[in-house]
1. If the cut-off is a Cα-Cα distance under 25 Å, which lysines reach residue 90, setting aside same-chain residues fewer than 8 apart in sequence?
2. Give the residue from 226, 20, 207 lying farthest towards the positive end of the charge dipole for the chain; charges sit on Cβ (+1 for Lys and Arg, -1 for Asp and Glu) and the dipole is referred to the Cα centre.
3. Can you tell me what the convex hull of the Cα atoms of the stretch 30-334 projects to on average, as an area in nm²?
4. Can you give me the angle between helix 178-188 and the longest principal axis of the chain, using Cα atoms only, in degrees from 0 to 90, rounded to the nearest 10?
5. Mind listing P(r) for the stretch 243-335? All alpha-carbon pairs, 10 Å bins, whole percents.
6. Determine the shape class of the stretch 154-262: with a ≥ b ≥ c the square roots of the Cα gyration tensor eigenvalues, call it rounded for a/c under 1.5, and otherwise prolate if a/b is greater than b/c, oblate otherwise.
7. For helix 103-114, what angle does its Cα long axis make with the longest principal axis of the chain, in degrees from 0 to 90 and rounded to 10?
8. Nearest 0.05, what FRET efficiency do residue 226 and residue 152 give at R0 = 25 Å with Cβ-Cβ as r?
Amino acid sequence: MTKPCLQLPVRLRRLRRDAAVREMLRETVLTPAQLIQPVFVTEGSEQEPIASLPGIHRIPLCQIAEYCGHLRTLGLRGIALFPKISSEVKTADGREALNPDTLVVRATRAIKERLSGLLVFNDIALDPYTTHGHDGILTGDGADVDNDGTVAILAEMAVLHAQAGADFVAPSDMMDGRVRAIREALDSAGHSGTGIMAYSAKFASAFYGPFREAVGSLRQPGAPRFSKASYQLAPGNRREALREAELDEAEGADIVMVKPAGFYLDIIRDLRERTELPVAAYQVSGEYAQIHAAAERGWLELEAVRDESLLAIRRAGADLILTYFAEAVGGALNR
């Protein structure tokens, strides 16, 4: 049988013919320096496994610098620090957040005193500190979050973290006007070099459950119960997400973020096309957990799906990715 030979002017498979060509022409590249590892810090002396986040542990304060040093050797250049504090110091107004010796502040100092070349991004929100688990203080009737009262606390909190050595403060609360207030407070306190990575498009997502377990921000018995939908974005609202990011940029944000990442790739792309600022994306706890759960059942190959998910986020336009896979991917890329 005569072998057919099509007269084709273009054969795109020539650009995929072997590994060398594919490597040279790869359009989207993932490196450890583009990844930020969320790190949970706690008191005590032993690491605490988090059941819903396989492979992720709460790191005791006494080990935090050593652990972060390990991440740096893998090529990571940033961590996002979150505290798991005792329920005994939680209050309705989250006043522990303004304690100059609170856990996350001590952890930041410990890291910056012992390590260089690793950027610390500190979460600025009240949910780890409140009994009700919301990102701010409540209105007098307990039916909603008090926007302006919360913003005043967040600005003070940001200064506290900057004084401890945080390179970037990361307001994740979605309160109106918080970026401007934080920028003004930082500048007035002499911390004009401290950056702001704003959670600009943070959606009221169903994918945050494992994180809330990890940081202990679940509602305590007797606390008011209501949705976070009055301040986080509705998942169907694309234009509103872009307005939020534009406002954050105008108010002084240095980096804007989309959260979650994998289910909001269109928002990442929209934002990438609208701003010259760096764009970050947070592959959240539920995204990480579902990949692990499917892999544990043998339905998916963990490493392949992990890497594809991160490449998709990069391809959509994210310059930085916060992901619980950062440590594992850093190790794999180094190998």
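1. Reachable lysines: 202, 228.
2. So the residue furthest toward the plus end is 20.
3. Computing the convex hull of the Cα atoms and averaging its projections yields 14.8 nm².
4. The helix 178-188 is inclined about 70 degrees to the chain.
5. The distribution over the stretch 243-335 is 16, 45, 27, 10, 2, given as percents.
6. Note, shape of the stretch 154-262 comes out oblate.
7. Taking Cα atoms only, the helix is inclined about 60 degrees.
8. Values: r = 22 Å, r/R0 = 0.86.
It comes to 0.70.
Bear in mind these aren't lab numbers, they're just calculated from the coordinates by the rules spelled out. Worth saying up front: this structure is predicted, and the values here are computed from it rather than measured. In this analysis, Cβ positions are derived from the backbone assuming ideal geometry, glycine residues included, and neighbour counts consider all displayed protein chains.
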